[in-house]
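A short worksheet on the structure shown next.
The values are calculated or read from the model by the stated rules, or taken from the named source; none is laboratory data. Fair warning: this is a prediction, and the values are worked out from it, not measured in the lab. Neighbour counts are summed over all protein chains in view; Cβ atoms, including those assigned to glycine, are modelled from backbone coordinates with ideal geometry.
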Amino acid sequence: MKNKKNLVYATFALQIIVGLLFLVAGAGKFLAAEFWIAKFSQWRYPNNFYLLIGIIEIISAILLFIPRFSKYAAGILMIVMIGAAITHILHQEVAALFRPGIFLILLSALLFLKSRTQ
């Protein structure tokens, strides 16, 4: 019983950490708009696509804090991070794969832990 309780605490802690990381990442799309406009333009994405990604990151980060929606939010964020990784690969930005890679690992761990606690 104690292990289950510790697993629940670990899962909740990871939800908070990942949620905060994605809140910062999403907010960064708005706070450093000129940087992101240039990057998304360089990657040939449509105008203002960076805003859509930022909104998805922020909303999904908030949903990570709501147990009922956290699995869905993690899945959506995984899709966004897979898209980011593909973008970096297509543009030969191998060093930039670190961030989406770490996020994918954290999101995978979160989904794994959630499946163990329910």
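Going by what's in this entry, would ILE53 be described as among the aliphatic types (A, V, I, L, M) and either under 25 Å from HIS91 (Cβ atoms) or surrounded by 14 or more Cβ atoms within 10 Å (Cβ to Cβ) (or both)?
Yes, satisfied.
Could you list, in sequence order, the residues of the range 25-45 that are among the small types (Gly, Ala, Ser) and either surrounded by 15 or more Cβ atoms within 10 Å (Cβ to Cβ) or not in a helix (DSSP H, G or I) (or both)?
So in the range 25-45, the residues among the small types (Gly, Ala, Ser) come out as 25-28, 32-33, 38, 41.
Residues satisfying the conditions are ALA25, GLY26, GLY28, ALA32.
Does the range 1-53 hold any residues that are aromatic (Phe, Trp, Tyr), under 20 Å from SER108 (Cβ atoms) and either in contact with an Asp or Glu (Cβ under 6 Å, 6 or more places away or on another chain) or touching a residue at least 24 places away in the same chain (Cβ under 8 Å) (or both), and which are they?
Taking the range 1-53 first, the residues aromatic (Phe, Trp, Tyr) are 9, 12, 22, 30, 35-36, 40, 43, 45, 49-50.
Those still in the list that are under 20 Å from SER108 (Cβ atoms) too: 9, 12, 22.
Matches in the range 1-53: PHE22 only.
Okay, residues lined up against (1) modelled with pLDDT of 95 or more; (2) of a type in the set (Phe, Trp, Tyr):
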| site | (1), (2) |
| --- | --- |
| TRP36 | yes, yes |
| ILE53 | yes, no |
| GLU57 | yes, no |
| PHE65 | no, yes |
| HIS88 | yes, no |
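Of the numbered conditions (1) assigned to a helix (DSSP H, G or I); (2) more than 29 Å from SER115 (Cα to Cα), GLY19 fails exactly one; give the number of that condition.
All conditions are met except number (2).
Take the range 87-117 and flag every residue that is closer than 19 Å to ILE17 by Cα, over 11 Å from the mean Cα position of the chain (by Cα) and either crowded, with 19+ Cβ neighbours inside 10 Å or in contact (Cβ under 8 Å) with a residue 24 or more places away in the chain (or both).
Taking the range 87-117 and keeping what is closer than 19 Å to ILE17 by Cα, we get 98-117.
When the remaining residues are screened for being over 11 Å from the mean Cα position of the chain (by Cα), the result is 98, 109-117.
If the condition is that a residue be closer than 19 Å to ILE17 by Cα, over 11 Å from the mean Cα position of the chain (by Cα) and either crowded, with 19+ Cβ neighbours inside 10 Å or in contact (Cβ under 8 Å) with a residue 24 or more places away in the chain (or both), then ALA109, LEU110, LEU111, LEU113, LYS114, ARG116, THR117 are the ones that fit.
Restricting attention to the range 53-86, which residues are assigned to a helix (DSSP H, G or I) and under 15 Å from LEU20 (Cβ atoms)? If you could, list the steps in order and put the result at the bottom.
From the range 53-86, those assigned to a helix (DSSP H, G or I) are 53-64, 70-86; that's our starting set.
Once the filter is applied, which keeps residues that are assigned to a helix (DSSP H, G or I) and under 15 Å from LEU20 (Cβ atoms), the range 53-86 yields GLU57, ILE58, ILE59, SER60, ALA61, ILE62, LEU63, LEU64, SER70, ALA73, ALA74, LEU77.
Within the range 61-86, how many residues are surrounded by 18 or more Cβ atoms within 10 Å (Cβ to Cβ) and in contact (Cβ under 8 Å) with a residue 40 or more places away in the chain?
Matching residues across the range 61-86 total 5.
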